[in-house]
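Contents: one structure, followed by commentary.
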Amino acid sequence: QQQVKQSPQSLIVQKGGISIINCAYENTAFDYFPWYQQFPGKGPALLIAIRPDVSEKKEGRFTISFNKSAKQFSLHIMDSQPGDSATYFCAASIRDSSYKLIFGSGTRLLVRP
Amino acid sequence: KAGVTQTPRYLIKTRGQQVTLSCSPISGHRSVSWYQQTPGQGLQFLFEYFSETQRNKGNFPGRFSGRQFSNSRSEMNVSTLELGDSALYLCASSTTVNNEQFFGPGTRLTVL
């Protein structure tokens, strides 16, 4: 119940295209859903996050879509650029007395020029 | 504002040794969490400290321990190292306002 399932494992997109990464969860107590971007040799960087009281959040070219009834959320990268090539992780946590994040397995994105 | 810093960045140890990793959170952040990242297991939560108290602990053996100091800096210790402990160890800090966690660059531990 603590798992977050992420797909696909890898993704190749042409420059200018839309990259879509999906995550699903079981635990309905999760109430915070961030996405992280990680480049080789670096720590994960917080991209964008959403709470279950909204269905969509957009920041620049990055959009999170959230479907509470389906217990799914996804990251859309519009106008994908070669510089977006990185590994993306979804995560979930419960706003309780600690900030433990449960991570998905990651998606390796390659944006071809 | 300076980000999360971790020292050292790289470590090579042999089986049976112990190791201490250090993390300095973003100024003003009182929560520090530690994660282990491996190709096989991904990112796994180790523990979280807030105001020098451990608030949560992941499913790791007792060889993994940590502490937090009054200035919010944190250390984690791994005793009796095993080959499987080779990983990137990441520290993240957070304010008390929300769950947003900001990660450091990590310490790459190699156990030979």
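Just so it is clear, none of the values below were taken in a lab; they were calculated from the coordinates. Given the structure is predicted, the values throughout are model-derived calculations rather than measurements. Cβ placement follows ideal geometry from the backbone for every residue including glycine, while neighbour counts extend to all protein chains displayed.
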Fill in the blank from the handout: Assertion target for A:Lys42, A:Lys100, ordered by fewest C-beta neighbours within 10 angstrom first, is A:Lys42, A:Lys100
Practice task
Using Cα centres only, tell me the gap between the range B:83-101 and the range A:41-80 in whole Å.
Solution key: 20 Å
Problem - Options B:Pro105, B:Gly28, A:Gln9, ranked by Cα towards positive dipole end of the protein assembly as shown, top entry (Cβ charges) - result: B:Pro105
Practice task
Sum up the charges of everything whose Cβ sits under 13 Å from the Cβ of B:Gln18, counting Lys and Arg as +1 and Asp and Glu as -1, but leave B:Gln18 out.
Solution key: 0
Completion exercise
Most fluctuating of B:Glu48, B:Glu100, B:Glu82 in the GNM of chain B (C-alpha, under 10 Å) is B:Glu100
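Once the mean 1/r over all distinct Cα pairs of the protein assembly as shown is inverted, what Kirkwood radius in angstroms do you read off?
Across the protein assembly as shown, the inverse of the average 1/r is 18.0 Å.
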